[in-house]
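> Would you mind keeping the following structure in view while I ask a few things?
The values are calculated or read from the model by the stated rules, or taken from the named source; none is laboratory data. If you're wondering where the values come from, they're calculated on a predicted model, not measured in any experiment. Methodologically, a virtual Cβ is constructed for each residue, glycine included, from the backbone with ideal geometry; neighbour enumeration extends over all protein chains shown. SASA here: full protein model, heavy atoms, side chains in, ligands and nucleic acids out. Shrake-Rupley method; radii C 1.70, N 1.55, O 1.52, S 1.80 Å.
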Amino acid sequence: MAAVAACLVLGLGLLGGAAAGSWLTGESEVPAATGEAFHRARGLWHNRPVDELFPRTLHGKAAGPGGADREWIRIAVAPDSGCANAFDRLLAKALSPVGCTRLLRATYTDATTSTVTTVGLMFTKADPDGMRAAARRFTAEGLGRRPDLMPRPYAAGGTAAATFGARQRGSWVVRVLTDAPVVVYAVTGFTDGRAVEAPEPADEATATGATTAPAQSGLGHDARGVADRIERGLLSAATAASEDAS
């Protein structure tokens, strides 16, 4: 009921339209976004249904440790908001050059209810050149790999994510897109509230042979897997919106 109530507080634009079912992206290809799709993506936060941007269920074929299949179930959707106080100070500073129009967030749990993942879509004010510049900086300076730039979780009360706080963050992804004016991020922790002493970025936690706690528990795979599928859905929606307008 808490998850349903959270969904209802989103804007009417987000809730409009038919609800989507499970998001079966798997390894399917996403059409390359055109220049028109970039600009259409800017309005997706208010003109696409929440179940399209954050599907109720995400399926990840071979997305877990050792190539295991994964499934994630949405348990909460945050009210859409601005970005004031949404990020820790250093991450907010790193993202400030692209500006913030709107922030959407949802939290998922895995099929065993062992881990929780908050995924976010920060819609920016930047043009294509601005997004490319920000993406280059994040890559060149390794900003997406720094533990002091981890995103904050959305810990919805009354759900498996209720104890998902700053000290519970175990793995994360931050991606500055260049096909859309959006920053996609995901951060993962355990549902039992245990603290993670050594968080690890998802690209390291999913590397072959990784033996850290975030790697062996699948936290890195969850962060990457959820972010991948939400990003694919966003870019597909942007392309569809562009085609519909042509």
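> Using a 10 Å cut-off on Cβ atoms, rank the peptides 231-237, 117-123, 178-184 from the highest mean neighbour count down.
117-123, 178-184, 231-237
> So, by mean Cβ neighbours within 10 angstrom, what's the order for 55-63, 135-143, 89-97 with the highest one leading?
Result, highest mean Cβ count within 10 Å first: 55-63, 89-97, 135-143.
> Pulled fully out, how much extra length does the chain show between Ile73 and Arg89, if you take 0.36 nm times their separation in residues and subtract their Cα-Cα distance?
2.8 nm
> Taking the mean number of other Cβ atoms within 10 Å as a proxy for protection, how do you rank 157-166, 98-107, 205-214 from highest to lowest?
Top of the packing list down: 98-107, 157-166, 205-214.
> To continue, here is another question. What are the radius of gyration and Dmax of segment 48-193, computed over its Cα atoms and given in Å?
Values for segment 48-193 (Cα only, Rg and Dmax): 15.1, 43 Å.
> Now a separate question. Between Rg and the Kirkwood Rh of segment 133-246, both from Cα atoms, what is the Rg to Rh ratio?
Rg/Rh for segment 133-246 comes to 1.03.
> Continuing with this model, one more query. For segment 157-216, what % of the accessible area comes from carbon and sulfur atoms, probe 1.4 Å?
Here carbon and sulfur together make up 48 percent of the probe-accessible area.
> Going by Cα centres, segment 40-113 and segment 154-212 are how many Å apart?
11
> Next question. State the extension gain, in nm to one decimal, for the chain segment bounded by Lys61 and Glu243, taking 0.36 nm per residue of separation less the distance between their alpha-carbons.
Roughly 62.7 nm would be gained on extension.
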